[in-house]
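So the structure is just underneath, and the comments pick up after that.
Read the figures in this text as sums done on the coordinates, not as results from a lab. Being a predicted model, the structure only gives us computed values, none of them experimental. Every residue, glycine as well, gets a Cβ built from its backbone with ideal geometry; the counts of neighbours run over all protein chains shown.
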Amino acid sequence: MNETRKEITVGVFVLVGIVCLGYLAIRLGKLEVMGNNGYVVYGDFVSVAGLKIGDPIEIAGVKVGKVESIALADDRARLGLRVEPQVKLQEDVIASVRARGLIGDKFITLTPGASDKLLGPGDKIRETESPADITELIGKYVGGDFTSKSGKK
């Protein structure tokens, strides 16, 4: 009787451990268990260097979605952006690739527009901004190949 009780206790602990490992794998792996919520809009960027699938989309610093896909379309990077269903995007929204710090993680920030028309699932964001290439900027600065807005060096 005492041996059976030990086996049941060990079995319960093993089962609880497996459930905890599964939960951690889902949370840390950022997996979607219950399907994808929201809708997808697309944007074409000149460059999305350093951006990865799963990176966040933010409006005013609040996460409202994630990057769902990255593909090449007509020599530009086409991003599929999954936005939460309660977030409504105007057709003149601006999507920008940003970085946290100089070498930080990349994310997409959306700047809301003022239009009355809204984007729907599958629509395309017209206005996009790619990140500045830091190495190119440093190269221009070191090489003395930068000009002011007036055109003078």
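Worth a mention:
- Taking amide H as placed 1.01 Å from N in the peptide plane, the amide H of ASP92 sits under 5 Å from that of GLY113, ALA114, SER115, each at least 5 places away or on another chain.
- For trypsin sites (Lys or Arg not before Pro), the sites in the range 82-142 that DSSP calls loop and that have at most 15 other Cβ atoms within 10 Å are LYS88, ARG100, LYS117, ARG126.
- Listed values for the range 54-65 are Karplus-derived 3J(HN,Hα) couplings in whole Hz (6.51 cos²θ - 1.76 cosθ + 1.60, θ = phi - 60°), namely x, 5, x, 10, 10, 10, 6, x, 9, 5, 10, x, and x replaces Gly and Pro.
- Residues whose placed amide H lies under 5 Å from that of VAL87, excluding near-sequence neighbours: none
- Out-of-range pairs (alpha-carbon distance over 23 Å; input LYS66/LYS88; LYS52/LYS124; LYS52/LYS140): LYS52/LYS140
- Computed label-point distance, nm, for sites GLU3 and LYS140 using a 7 Å Cα→Cβ extension: 7.9
- Built amide H within the under 5 Å cut-off of GLU127, gap 5+: ALA95
- Share of alpha-carbon pairs per 5 Å distance bin for the range 4-129, given as whole %: 2, 10, 17, 19, 15, 10, 7, 5, 4, 4, 3, 2, 1, 0
- Karplus 3J(HN,Hα) series, Hz, for the range 83-96 with 6.51 cos²θ - 1.76 cosθ + 1.60 (x for Gly, Pro): 10, 4, x, 7, 8, 9, 9, 6, 5, 9, 5, 10, 9, 10
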